[in-house]
Amino acid sequence: MDPLEALVAQIQGLSSTPGDISRLHVILKQADDSLRSESTRLSPVLAQLAPSEHSLGFLYVLDAFTSGQISKQQAETTVPIITGFINACNAEQIRLAPEKFVLVCKRLKDQVMMLEAPIRGVGPLFNAARKLQLSTEHLTPLHSDFLLLCLLAKCYKTGLSILEDDIFEVDQPRDLFLYCYYGGMICIGLKRFQKALDLLHNVVTAPMSSLNAIAVEAYKKYILVSLIHHGQWQISTSLPKYASSVAQRSLKNFCQPYIELANIYGTEKIAELEAYVQTNTEKFENDNNLGLVKQVVLSMYKRNIQRLTQTYLTLSLQDIANTVQLNSPKEAEMHVLQMIQDGEIYATINQRDGMVRFLEDPEQYKTCEMIEHIDSSIQRIMALSRKLTAMDEQISCDQLYLSKVGRERQRYDFDDFDVPTKFNI
Amino acid sequence: MDADDDSSNPMIDEIYANGDAAEGGGGEKRSRRLIISGDQFDIEAYASLYSGRTKIARLLFIADQCGDDNSAMQLEALRMAFDEIKKGENSQLFREVVNKIGGRLGLDYTMDVAWCEAVDRRAEQKKEKLDNELNAYRTNLIKESIRMGYNDFGDFYYAHGQLGEAFKSYVRTRDYCTTSKHIIHMCMSAILVSIEMGQFTHVTSYVSKAEQTHEALDQITIAKLRCAAGLAKLVSKKYKLAARKFLETAPELGSQYNEVIAPQDIATYGGLCALATFDRTELKTKVIDNINFRNFLELVPEVRELINDFYSSHYASCLEYLANLKANLLLDIHLHDHVETLYDQIRHKALIQYTLPFVSVDLQMMASAFKTTISELEKELVALITDNQIQARIDSHNKILYARHADQRNATFQRVLETGRGFDRDVRSMLLRTNLIKHDYNARSLSRKL
């Protein structure tokens, strides 16, 4: 019998119970090479298998099928097959062969990009990531690809839904870098600057033994978003102690123009800032950061107006324009209006007198919603603390940790004579 | 005593601005002052307060500061400096002064080459003599004589304007000092030379050295040391500490330290520094109620008046006294760098103190109380509010300043939520990093085991 036919029969037969599936897995692993050699004959095979029941087998065959070079026309046919598979496949079965699954999805991504229709890959990869995850706290290599496609397709909201999950488990540090970087960019696109800062902060302070390009780019954006959101950036307090020494030493050297920008921002001279941006437009454009830089300049106006709310109760639009160095009261009115709408200041504009009246924050912290918000925050933090304690316990029972500590123990410890001086595990 | 009637009438009119109207500004009488404001600065009187090298230094400083536009005063100062130098032995300074005069004072005040040469010759001879004596003493190893020898050397160098050498000589006597008196003498000489040189770090160290001697010092010496310490702090911009030192000076000092500082100066420096840096209670207890310091303040009644005005909230007259004093103070060798800073601080304190008791303040009234325009006043207030020294907001439409008390409850809630968010973020990133490090460590240990 044709070995391929035999394999198909086995897949169809052994895909029902977990015991069978593990046997099937072994068989498939052995048959992997032969499958690859017969890649041209595999498309009718795929038609015979049902992705939802025979996921593992389908996966192996699909992998062999797509392993060669695929041209644009071929991509047109393979993309729907892969998409259909991902949507229909069985999560437990594919978790037995995660690397193959990741490989197939990556190929999907490549093909979709080749076809210049990244949006076609967004939905499938979302499902794929969800299925591959062991829990919502687990990061898979697919997350970063998914976010990349979201960015290219401009579907920021879909990307955001994946970003809402907190990640605590990572297989490969490299996945994390890309994930956080793309995630940061998506948040910037949606103007969620605090979340973007968190993600970029993770990239910049992640443990790394040598500098990588992702960290450098992330640092540049980190500086800019920090300026927009917090209005300040001090080089001396920039990287906390827990950032890797490599990062602390060398990141600055690659981001000189941005650090200069931050210093000028600190002097609060708008004209200088704009002049600096003008002269360095090319550099910023090469890094694709020009849009962000423009937002930085805009944020300076905002910050100056916000400062006015601290010193004045009412102020004429003309005075605002003069203090903040805008060109006319009309412009000042536009800025203030925009800020009121965005909720950044509380004020009323009296157009008859040309006066702006600044109000206090009306939040009284007395509503039910606020109480619920505080309550849920408390619950969340308690859960986090529990997690932290659990992790601490876990590490103190860890084999490697104990062996290292055991080696460094004192020879004679007065409190416990009966404890062996050296842990040998 | 001549009452200054012109300036007091507008002050009486400001009934609402400066509180107590009956007493008002009319009561202020300016007693006969040694130092008259403006260009009537009496150089002779000023110079007579000092003696020794500092007199010359101050006169030269005044001459420099006057520049060419006030040549009458400049020439006067230079002439007096010339006379003073001729009485001494400093040919270097003599040459300097002659250059500065440039022949403008007639033939009496030109380069006297003969005199210079005579002085230099005498100096050479004296130096040789002292050298021989010192060597003799050194071979004889008599401590007291060696000490005296070095002292003489120090005096010699000081008289000739070689301050660095003088300092070194005085310091060398340290090894040969046997009694506390010797040590104190050395410290005082060192302090004197250091002040002349402008090296106030030495001043501070020698003051503390002198204060540490075991024997009780007499009043005058203690007072001198306090003055020197105060001066050092003033120059290093530590105004509060300087004020404290000056205020502790005993009035018995009188003019006994006028090779460094005159009692009028103690009053002025101490008064201004205190006004700029002390808060209200300290001002009352340490300055106004201070009986000792009152003796000094009697010598400079303007400073006394201006401190009293400030305390009783008569800001306009206080600022007026300050403005009158400014011209003279800029001619003072130690204070001129600090006049601007001190004046700014005093003005800010006045503004803050004015707004403190009120819920709302009409800027119009405040501007007339401080004798400025509303827009100027607004600018100053904005700077103070931004600096968080005044808790208020300005209603620019109606020109009123409203006091603003931060809502503690809301602020607390905001802080709590913010802290919670911060904690959340930090712990999450920490857990993530731990995970990464664990993976890294696992990977490395696996590779090690293989």
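The values are calculated or read from the model by the stated rules, or taken from the named source; none is laboratory data. On a predicted model such as this, the values are computed, not experimentally measured, just so you know. Here Cβ is always computed from backbone atoms with ideal geometry, including for glycine, and neighbour counts include all displayed protein chains. Surface areas here come from the heavy atoms of the whole protein model, side chains and all, with no ligands, DNA or RNA. Shrake-Rupley method; radii C 1.70, N 1.55, O 1.52, S 1.80 Å.
Given DSSP loops and a limit of at most 13 other Cβ atoms within 10 Å, what is the longest stretch of chain B that contains no such trypsin sites (Lys or Arg not before Pro)?
In chain B, the maximal stretch lacking such sites is B:238-450.
Count the net charge of all other residues whose Cβ sits under 15 Å from the Cβ of residue B:232, scoring Lys and Arg as +1 and Asp and Glu as -1.
Charge balance near residue B:232 sits at +4.
Let me confirm one metric for peptide B:415-422, namely the mean number of other chain beta-carbon atoms within 10 Å of its residues' beta-carbons.
Whole-number average of other-chain Cβ neighbours for B:415-422 is 2.
Suppose every Lys and Arg Cβ carries +1 and every Asp and Glu Cβ carries -1, with no other charges. What dipole size does the protein assembly as shown come out with about its Cα centre, to the nearest 20 debye?
2680
Scattering from the C-alpha atoms of the protein assembly as shown alone, worked out with Debye: what is log10 I(q)/I(0) at q = 0.06, 0.11 1/Å?
-0.73, -1.29
Helix-derived [θ] at 222 nm for chain B: sum -39500 (n - 2.57) over DSSP H runs of at least 4, divide by residue count, nearest 500?
It lands at -21500 deg cm²/dmol.
Considering only the other residues whose Cβ falls under 14 Å of the Cβ of residue B:291, what net charge follows from Lys and Arg at +1 and Asp and Glu at -1?
Residues near residue B:291 contribute 0 overall.
Could you give the accessible area per residue of the protein assembly as shown, probe 1.4 Å, as a whole number in Å²?
On a per-residue basis, the protein assembly as shown sits at 50 Å².
Pop a pseudo-label 7 angstrom from the Cα along the beta-carbon direction at both residue A:130 and residue B:362 and give the gap in nm to one decimal.
So the two model labels end up 7.0 nm from each other.
Using the Cα centre of the protein assembly as shown as origin and beta-carbon charges of +1 (Lys, Arg) and -1 (Asp, Glu), tell me which of B:228, B:167, A:135 is placed farthest towards the positive end of the dipole.
Farthest towards the positive pole: A:135.
Could you tell me what fraction of 2.2 N^0.38 Å the Cα radius of gyration of region A:1-133 comes to, as a two-decimal ratio?
For region A:1-133, the normalised Cα radius of gyration is 1.00.
Using a 10 angstrom Cβ neighbour count of at most 16 plus a DSSP loop assignment to flag exposed chymotrypsin sites (Phe, Trp or Tyr not before Pro), which longest range of chain B is free of such sites?
Result, exposed sites excluded: B:17-357.
For the pair residue A:402 and residue A:92, what calculated FRET efficiency results from E = 1/(1 + (r/R0)^6), where r is the Cβ-Cβ distance and R0 = 35 Å, to the nearest 0.05?
E between residue A:92 and residue A:402, to the nearest 0.05, is 0.55.
Label 7 Å along Cα→Cβ of residue B:279; region B:405-438 residues with amide nitrogen under 14 Å?
Hits in region B:405-438 for residue B:279 at 14 Å: none.
Once neighbouring chains are kept in place and the probe is 1.4 Å, which whole percent of the accessible area of chain A is contributed by carbon and sulfur?
Carbon and sulfur together cover 53 percent of it.
Using a cut-off of 25 Å between alpha-carbon atoms, which lysines can reach residue B:286, once sequence neighbours fewer than 8 places away in the same chain are excluded?
The reachable lysines, counting only those whose Cα sits under 25 Å from residue B:286, are B:29, B:224, B:233, B:237, B:238, B:240, B:245, B:326, B:349.
Scan region A:126-225 for GluC sites (Glu not before Pro) in coil per DSSP, keeping those whose Cβ has at most 12 other Cβ atoms within 10 Å, and list them by number.
Listed in order of number, the matching sites are A:164.
What average count of beta carbons from other chains do you get within 10 Å of the Cβ of residues in A:163-171?
Shielding by partners across A:163-171 averages 3.
Test of understanding: what is the full-extension gain from residue A:346 to residue A:174, defined as 0.36 nm times their sequence separation minus their Cα-Cα distance?
Contour length minus the Cα-Cα distance gives 57.6 nm.
In Å², nearest 100, what accessible area do chains B and A bury in total when the solvent probe is 1.4 Å?
4000
At residue B:240 and residue B:95, where each label point lies 7 Å from the Cα along Cα→Cβ, what is the point-to-point distance in nanometres?
So the two model labels end up 4.8 nm from each other.
Out of every Cα pair in region A:102-254, what percent are spaced more than 27 Å from each other?
Tail of the P(r) past 27 Å holds 24 percent of the pairs.
Hey, can you list the residues from region A:297-326 whose accessible area shrinks by 40 Å² or more with all protein chains present, relative to the chain by itself (probe 1.4 Å, no ligands or nucleic acids)?
A:310, A:311, A:312, A:313, A:314
When the C-alpha atoms of chain B are aligned to their principal axes, what extent does each axis show, in angstrom, from largest down?
Sorted from largest, the Cα extents of chain B read 95, 83, 46 Å.
Hey, what did chain B get for relative contact order, percent, Cα under 8 Å, at least 6 apart?
12
Roughly speaking, to the nearest percent, how much of chain B's 1.4 Å accessible area is carbon and sulfur?
Within chain B, the accessible surface is 52 percent carbon and sulfur.
With 24 Å as the cut-off, how large is the P(r) tail for region B:231-335, expressed as percent of Cα-Cα pairs?
In whole percent, the share of Cα-Cα pairs in region B:231-335 beyond 24 Å is 15.
Placing +1 at every Lys and Arg Cβ and -1 at every Asp and Glu Cβ, with all other atoms neutral, what dipole size does region A:312-375 have around its Cα centre, in debye to the nearest 20?
Using only the charged Cβ atoms, the result is roughly 420 debye.
So, counting K/R as plus one and D/E as minus one, what does the shell of residues with Cβ under 12 Å around residue A:354 add up to?
0
If the label point is 7 Å along Cα→Cβ of residue A:294, which residues in region A:321-338 have backbone nitrogen under 17 Å from it?
Answer for this model: A:335.
Sort A:367, A:83, B:249 from largest to smallest accessible area, using a 1.4 Å probe on the heavy atoms of the protein chains.
A:367, A:83, B:249
Before anything else, pin down the relative contact order of region A:1-133: Cα pairs under 8 Å, at least 6 apart, normalised by residue count, whole percent.
Taking the mean separation of contacting Cα pairs over the length of region A:1-133, I get 23 percent.
Could you check the spin-label model distance between residue B:311 and residue B:72? Points 7 Å from the Cα along Cα→Cβ, value in nm.
The answer from the label model is 3.9 nm.
Between A:59, B:357, B:338, whose Cα lies farthest towards the positive end of the dipole of the protein assembly as shown when Lys and Arg beta carbons carry +1 and Asp and Glu beta carbons carry -1, centred on the Cα centre?
A:59
Restricting to Cα atoms and excluding each atom paired with itself, what does the Kirkwood estimate give for chain A in Å?
It is 26.3 Å.
To the nearest 20 Debye, how big is the dipole of chain B about its Cα centre, given +1 on the beta carbon of each Lys and Arg and -1 on that of each Asp and Glu?
The calculated dipole for chain B is roughly 3000 debye.
Which of the GluC sites (Glu not before Pro) across region B:131-219 are loop residues per DSSP, with 14 or fewer other Cβ within 10 Å?
Answer in residue order: B:215.
How high is the relative contact order of chain A, in percent, with contacts defined as C-alpha pairs under 8 Å that are six or more residues apart?
7
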